[in-house]
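A quick write-up on the structure given underneath.
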Amino acid sequence: MLLAIADVLSQDELTTARRLLAGARWVDGRVTAGHQSARAKDNQQLAEDDPAARQLGAMIVSALERSALFVSAALPLKVFPPLFNRYEGGQSFGTHVDNAIRQVPGTPHRVRTDLSATLFLAAPEEYDGGELVVEDTYGLHEVKLPAGHLILYPASSLHHVKPVTRGARLASFFWIQSMVRDDGERTLLFDLDLAIQGVNRELPDKPLAVQLTGVYHNLLRRWADA
Ligand code: NI
């Protein structure tokens, strides 16, 4: 499932993010790349222990918790502390796949990367290029969203970022370990949840909605690890 979620960050949060990122310390993005992706990666990244990264990361995680669409689609169990990157002057990230398991720095915790997320922090008008291109069985999907919007996609997908030929592309990126590991099962639950919301709207107070909600929870109980 490839899903865009609008307005994850408010305008105030975006302003805070941009202010903190402008004064932050950027390093070579290869610091967090795996062996295979290091060769493809050419960008800048905020040092993980930078106070700005921690503050903004916490802000993003609480914004995600407020997003009913994110929770329904990702069924998050763990969210990797958000990272931040910047591409400019022709920088790009060639085709790669994200590591399956990531250690949370400075902790014994690991996150299985079921879903990848990119939260755009620069407006599309601020830069040329920089599309995130995700490959799936339906082909290539180019994604370039307004600032504050998020794209969620299976971390198993091959993907790349096209060269940024003007301006700077700023984004946060991170991974989610879902309660439901399998993308197909998770997508079914998401579709069912949307259908139940539709039934609740169109047929309020009918036993059908309760019955369907029961099916949803029974599938979730069968498929989820909590
Ligand atoms: Ni990646």
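The values are calculated or read from the model by the stated rules, or taken from the named source; none is laboratory data. On a predicted model such as this, the values are computed, not experimentally measured, just so you know. Methodologically, a virtual Cβ is constructed for each residue, glycine included, from the backbone with ideal geometry; neighbour enumeration extends over all protein chains shown. Accessible surface is based on the protein model in full, side chains and every heavy atom, while ligands, DNA and RNA are left aside. Shrake-Rupley method; radii C 1.70, N 1.55, O 1.52, S 1.80 Å.
Eigenvalues of the alpha-carbon gyration tensor of the stretch 131-182, scaled by 5 and square-rooted, set the equivalent ellipsoid semi-axes at 22, 15, 9 angstrom, largest first. Return the carbon/sulfur percentage of the accessible area of the stretch 23-137, one whole number, probe 1.4 Å, all protein chains in place. Carbon-and-sulfur percentage of accessible area, whole number: 53. Ranked by the mean number of other Cβ atoms within 10 Å of their residues, highest first, the peptides 87-96, 169-178 come out as 169-178, 87-96.
Is any residue of the stretch 70-97 close enough, with backbone N under 18 Å, to a label point placed 7 angstrom from the Cα of Ala226 along the Cα-Cβ axis, and if so, which? Counting only backbone N, you get 71-79.
First measure r as the distance between the Cβ atoms of Thr137 and Ser62, then evaluate 1/(1 + (r/R0)^6) with R0 = 45 Å and state the FRET efficiency to the nearest 0.05.
0.85
Summarising the amide proton neighbourhood of Ala147: residues at separation of 5 or more, or on other chains, whose placed amide H is nearer than 5 Å comprise Ala123.
Using the Karplus relation 6.51 cos²θ - 1.76 cosθ + 1.60 with θ = phi - 60°, the per-residue 3J(HN,Hα) values for the stretch 109-116 come to 7, 10, 10, 7, 8, 7, 10, 9 Hz, with x marking Gly and Pro. State the percent of C-alpha pairs, over all pairs in the chain, separated by a distance greater than 33 angstrom. Cα-Cα pairs of the chain separated by over 33 Å account for 18 percent.
One chain, two ends: Val31 and Asp128. Fully extended at 0.36 nm per residue, the span grows by 32.4 nm beyond their Cα-Cα distance. Using the rule -39500 (n - 2.57) for each DSSP H run of four or more residues, divided by the residues of the chain, the 222 nm mean residue ellipticity is -10500 deg cm²/dmol. Viscosity 1.306 mPa s, temperature 10 °C: what is the translational diffusion coefficient of the stretch 183-223 from Stokes-Einstein with a Kirkwood Rh over Cα pairs, rounded to a whole number of µm²/s? In µm²/s, the coefficient is 153. Computed from Cα positions, the angle between helix 207-223 and the longest principal axis of the chain comes to roughly 50 degrees.
To the nearest µm²/s, what D does Stokes-Einstein give for the stretch 105-226 at 10 °C and 1.306 mPa s, using the Kirkwood radius over alpha carbon pairs as Rh?
93
Dimensions of the stretch 1-74 from C-alpha coordinates, computed as largest minus smallest value along each principal axis and given longest first, are 36, 32, 16 Å.
For the stretch 183-223, the fraction of 1.4 Å probe accessible surface lying on carbon and sulfur atoms is 58 percent. Shown is the FRET efficiency for Arg19 and Thr107, computed with R0 = 22 Å from the Cβ-Cβ distance and rounded to the nearest 0.05: 0.20.
The residues of the stretch 3-178 expose, per residue, 44 Å² of accessible area to a 1.4 Å probe.
Within the listed set Asp136, Asp50, Asp42, the residue fluctuating most in the Gaussian network model of the chain (springs between alpha-carbon atoms under 10 angstrom) is Asp50.
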